[in-house]
1. Specify the residue that is nearest to Ser128 (Cα to Cα); the eligible residues are those in the stretch 74-95 that are out of contact with any Leu (no Cβ under 7 Å at 6 or more places or on another chain) and open to solvent by 20 Å² or more (accessible area, probe 1.4 Å).
2. Is at least one residue of the stretch 123-136 of a type in the set (Phe, Trp, Tyr) and open to solvent by less than 90 Å² (accessible area, probe 1.4 Å)?
3. Return a yes/no flag: does the stretch 48-68 have any residue that is farther than 23 Å from Leu150 by Cα and either surrounded by 12 or more Cβ atoms within 10 Å (Cβ to Cβ) or not hydroxyl-bearing (Ser, Thr, Tyr) (or both).
4. Need the failing condition index for Ser22 against (1) outside any helix (DSSP H, G or I); (2) within 25 Å of the chain's Cα centre (by Cα), just the number.
5. For residues that are farther than 18 Å from Leu51 by Cβ and touching a Ser or Thr at 6+ places or on another chain (Cβ under 7 Å), scanning just the stretch 143-154, find the one that is most open to solvent (accessible area, probe 1.4 Å).
6. In the stretch 56-154, which strands (runs of 3 or more DSSP E) lie fully inside it and hold 3 or more residues that are among the acidic types (Asp, Glu) and touching a His at 6+ places or on another chain (Cβ under 6 Å)?
Amino acid sequence: METSAQAARARYNADHRQPLTSKTYVGHLLPNQDDRDRYQLEAGTRLVRRLATAIRDLTRGSLHDGHEHAADFATFRLGILVRADDGHETYVAVRITGSVPDDLTAVVLRHVPGCEPTHWYPEYALPSRSLLPAEQAWSTLMDPKAAAELLNEE
């Protein structure tokens, strides 16, 4: 390792006007912009995977009991409420409390099983209460077949 660091120092000094006074150079081993970009992309991918799993679990839980199920994330709280009537319309509401960018809201709505991503409508209230100041909510109808499949996944 020392020999490699000494060779890196020699290359650095050959390429730069101000030479290093140390015996070795390891700056090339430190993270660069490519590493930071890759880390940010991987973090985004992890968040989307975590969201997709949570959304499916919350939807299934609410489908079972008709109550809102919620999960906390770093900057927001996500709640899902499903109201189903056997063989008829299945109402779904998504509630976000906290601050999220619009593109993350679109990711959340796109991952709710059995719901068309473009058919969500903003709400001013949930079925049992008005929205609080920091809350946003959307609703749509879930395909009853998708609801039945979701219940049978367990």
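1. So, considering only residues that are out of contact with any Leu (no Cβ under 7 Å at 6 or more places or on another chain) and open to solvent by 20 Å² or more (accessible area, probe 1.4 Å), the one nearest to Ser128 (Cα to Cα) is Arg83.
2. Scanning the stretch 123-136, I find no residue that is of a type in the set (Phe, Trp, Tyr) and open to solvent by less than 90 Å² (accessible area, probe 1.4 Å), so the answer is no.
3. Checked the stretch 48-68: no residue is farther than 23 Å from Leu150 by Cα and either surrounded by 12 or more Cβ atoms within 10 Å (Cβ to Cβ) or not hydroxyl-bearing (Ser, Thr, Tyr) (or both).
4. Condition (2) is where Ser22 drops out.
5. The extreme case among them is Pro144.
6. So the answer is none; nothing clears 3.
The values are calculated or read from the model by the stated rules, or taken from the named source; none is laboratory data. Model, not experiment: these values are computed from the prediction. In this analysis, Cβ positions are derived from the backbone assuming ideal geometry, glycine residues included, and neighbour counts consider all displayed protein chains. Keep in mind that these areas ignore ligands, DNA and RNA; they rest on the heavy atoms of the full protein, side chains included. Shrake-Rupley method; radii C 1.70, N 1.55, O 1.52, S 1.80 Å.
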